[in-house]
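Here is the structure we will look at.
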């Protein structure tokens, strides 16, 4: 039999250990909950989680089941297992790129410089995200923009060499659409998509573009001078005739203005009045 004194000592020890055990269990439970919560990672709709470290099955668009060493979580959260998994974040946000070319010779040998603005982003489908993760996961935003800029500049220079200055200047939207269409394939191979591409400026150092606009400017000035001269002549004769304009001047005035407007709409030719107006 256990002596009474020993039992008393055991009761005292057990009474002292119970609080300690409760504290240890509480601290352990707190640490466990904290670890679980800290390993639960969340992202917004503008980011993607790339969780790597364990094999994960996925289904291709053709229905084939494959295995890869990472999983993709878009716009949500997931538990990342400690030690065996790590997590990286890939941004889906829009990136703005300034595309500038050095002097490039067009199809007719005229050197021009073209500046454009492109909006790009990582495409939202799983294949594009996986492709972008393989190529850009360890790179920063500036690195991604630089790679995309070089790709767009290369296609821009290639297309400039197949067009004339007139085609580029008069059809900027068509030119920009062609660049976007041609570059889309290479960008898709990197998991990137071109949201928009616009031409901001076209210039040359030889004065070619200025020369293109001079004939039109001269024609507009001639038309304005002709109209002003007609108004002055009609006003003069109207004053002499007591406020009435002779019919022959009114008819010629209407015919002259009709001819000017018709040639403006047609976009070519020179007004007949500018080649030789009859003197009044």
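Computed from the coordinates by the stated procedures, all read-outs in this text should not be read as laboratory data. This one's a predicted model, so the numbers in the text were calculated from it and none came from an experiment. When we count neighbours, we look across all protein chains shown, and the Cβ atoms used for this are built from the backbone with ideal geometry, even at glycine.
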Considering the convex hull of the alpha carbon atoms of region 57-133, report its projected area averaged over all viewing directions, in nm², one decimal. 8.9
When the Cα atoms of region 95-206 are enclosed in a convex hull and the volume is divided per residue, what value in Å³ results? 85
If I model a spin label at residue 105 and residue 32 as a point 7 Å from the Cα along the Cα→Cβ vector, what separation in nanometres do I get? 7.7
Computed label-point distance, nm, for sites residue 46 and residue 59 using a 7 Å Cα→Cβ extension: 3.2
Taking 0.36 nm per residue of sequence separation and subtracting the Cα-Cα distance, how much length would be gained by fully extending the chain between residue 21 and residue 186, in nm to one decimal? 53.0 nm
Ranked by Cβ crowding within 10 angstrom, fewest neighbours first, how are 70, 197 ordered? 70, 197
Could you bin all the Cα-Cα distances of region 41-91 into 5 Å bins starting at 0 and give me the percent of pairs in each, rounded to whole numbers? 5, 20, 26, 22, 18, 8, 1
Stokes-Einstein D for region 143-210, Kirkwood Rh over Cα pairs, 25 °C, 0.890 mPa s (µm²/s): 190
Please identify which residues in region 165-199 have an amide N closer than 17 Å to a label point set 7 Å out from the Cα of residue 143, following the Cα→Cβ vector. 190-192
Roughly speaking, what is the centre-to-centre gap between region 75-105 and region 123-168 when only Cα atoms are used, to the nearest Å? 14
